[in-house]
1. What residues of segment A:136-160 lie in the reach of a label at B:Val57, counting those whose backbone N is under 11 Å from a point 7 Å from the Cα along Cα→Cβ?
2. What's the local net charge at A:Phe64, with K and R +1, D and E -1, over the other residues with C-beta under 12 Å away?
3. I'd like the mean, over residues of A:261-269, of how many other protein chain beta carbons sit within 10 Å of each residue's own Cβ.
4. Ignoring solvent entirely, what values of log10 I(q)/I(0) come out of the Debye formula for segment B:81-256 at 0.12, 0.14, 0.16 Å⁻¹ when each Cα is a single scatterer?
5. What average count of beta carbons from other chains do you get within 10 Å of the Cβ of residues in B:107-115?
6. Explain nothing, just the number: relative contact order of chain A, from Cα pairs under 8 Å at least 6 residues apart, as a whole percent.
7. Within 12 Å, Cβ to Cβ, of B:Gly254, how many net charges do the neighbouring residues add up to if Lys/Arg are +1 and Asp/Glu are -1?
8. Counting only residues 5 or more places away or on other chains, whose amide H sits under 5 Å from the amide H of B:Thr53 once H atoms are built in the peptide plane?
Amino acid sequence: MSNNNAGPVVGKRTIGGYLLSVLAWFVGFLFFFPVFWMALSGFKTEADANGPPKLFFEPTTEQFSEVTGDTTGLLSAGEAFSNSFWAVVISTFFVMVLAVPAAYALSIKPVSKWKDVLFFFISTKFLPIVAAILPLWIIARELDLLNTRLVLIILYTAMNLPLAIWMLRSFFSEVPKELIEAAQIDGAKLWGQISSVILPIVAPGLAATALLCVIFAWNEFFLAVQLNPIEGSTVPIWVTGNVSTRGNFLAKLSAASTLATLPVIIAGWMAQKRMIRGLAMGAIK
Amino acid sequence: MAAVTSNSTREEQVKALQKKEARRRRLPLLPALLFTIVVTQVPFLMSLYYSFTKWTVTPPSPREWIGIENYTDAFTNMFFRQAAMTSVIMTLTSVVLSVILGTGVALLLDRKFFGQGFVRTLIITPFLVMPVVAGLVWKNQMFSAAFGVLNWVLNQVGVESIEFASKFPRWSIVGVLVWQWTPFMMLIILAGLQGQSSSVIEAAKVDGASPRATFFQITLPHLRPYIELGVLLGSIYLIQVFDHIVVMTGGGPGSTNVPLFVNQRSIGGGWRFGSASAFSIVVVVATIILATFGLRVLSGLLEGEEAA
């Protein structure tokens, strides 16, 4: 990233510049506050959480052990996390296996109508998922796939594939042409070419793309709740299960929400710069 | 052309080679293409077929072909029109607001100051939060009249508590969507700002252009493709919003959008598969109109790349 932005330097040491910095910090805390409050409330007792907002209190980890403990008849945390984990990891793996060669065929050695093909992939994201959920539910029922991890793996792969192809294509087009040509003269075959020349260069881009797929799949609720309400349920369903119509639940809900969001928040923090480069740069440069 | 002078067998050979090359280029694309076609287009075609039938699952009834009746019903159905309106308003307001706020925040972050990276990390966090969690946290811990932080703040300045999620269901949801998508827009626009050449801005300053004129006449036109990309990606995801609504209002007054509406009519309890399919096909057609516009934007983006 370049640091020679002209605008920012203006008024750096003036009072106006100082105020803008303070404003930036203030906005930062404003955006982060609900997440902070959620995590904080997870360490409260129900009595503390269900009352006027309290910043200082005696912290307890009681809610965390309660939400992770098993209650018969209810979806357990362990089950939900393992279902989510496998659905997310395997679908992301499939996305990458399908998207890497496809992105190659759309950028480095493009097929003749690569633009139309790319449009087709992106256009599938325009189809509202509600238009497909009914047939999907019927097909899944016919194939005995309702309430299985497999149905989510297949659909999360389809859901993330267009975005992954879009991002990978932009990373691939940044690979210097000379490098690929050199590999060709060496007689490297397609997979050899991809693995020995291209992959090392686009590795950071691959990681960012995979992370974005992980984020979207981990957070997905609609398909999971429609197709897997009984078994194979994932973390978002487990979170909503902590909302109770009887009695206080805010501290428990906060603890569950914190556990549910933590993996993806940390992953996103690590990948923030690259994610955006993949989304924005390749498309615009 | 040289080929004109060469004999025909040679020409055929070249053609065959070209064909082979084209096939070789297509090969890596096929698995992804076939998978996408099967998983996304087959259900769509089934929906299309169902939409011309009368088919109720509970109580079970045979599926019968009724032509366009479901469609005429869809267009006269007041609730569907309301849901369509809600979809349009919610998508539009949340996209526009998050782009405007995202631009503002990006401008704030595009300056060197102490803790710049840390503040950016704080701001992107909402985008990473699971939608159902975002909805639940805002509803119960920010908007709630009894224990909500927002109401506590309002009380301090002498305003009485408001149960936001039930009093203003639609705008409460839009608020949460804007909270989640502003960071996304900010990141894209920040990428644009950081790609802006500093010499142009310097030149404008030397020429005595006011910061406001510099922003509107130089920075904003430069940001245009980035803003378009943000609008495109934002619309794709925001038009499908479902999770936030389910956990915040369950579709309370003015907050049932089309995804929720179709769901209520089909596997969410209505079980009228025929008419629900017609509703979803109408949505698809409407989205295709939007998509045509979106793809044109996309096309512009790709052309820019070819020119470079």
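The values are calculated or read from the model by the stated rules, or taken from the named source; none is laboratory data. A quick note: this is a predicted structure, and the numbers were derived from the prediction, not measured. Reconstructed Cβ throughout: ideal geometry from the backbone, glycine too, with neighbour counts over all protein chains shown. Please note that ligands, DNA and RNA were not included when accessible areas were found on the heavy atoms of the full protein model with its side chains. Shrake-Rupley method; radii C 1.70, N 1.55, O 1.52, S 1.80 Å.
1. Residues A:136-142 qualify, since their backbone N sits under 11 Å from the label point.
2. Working: positive: A:Lys44, A:Lys252; negative: A:Glu62, A:Glu66.
In short, 0.
3. Values: counts 8, 1, 1, 3, 8, 1, 1, 7, 6.
Per residue, the average neighbour count from other chains is 4.
4. Here log10 of I(q) over I(0) equals -0.66, -0.83, -0.99.
5. Rounded to a whole number, the mean comes out at 6.
6. Working: 280 pairs, mean separation 83.3, N = 285.
RCO, chain A: 29 percent.
7. Value of the local net charge: +2.
8. Residues meeting the amide H criterion: B:Ile66.
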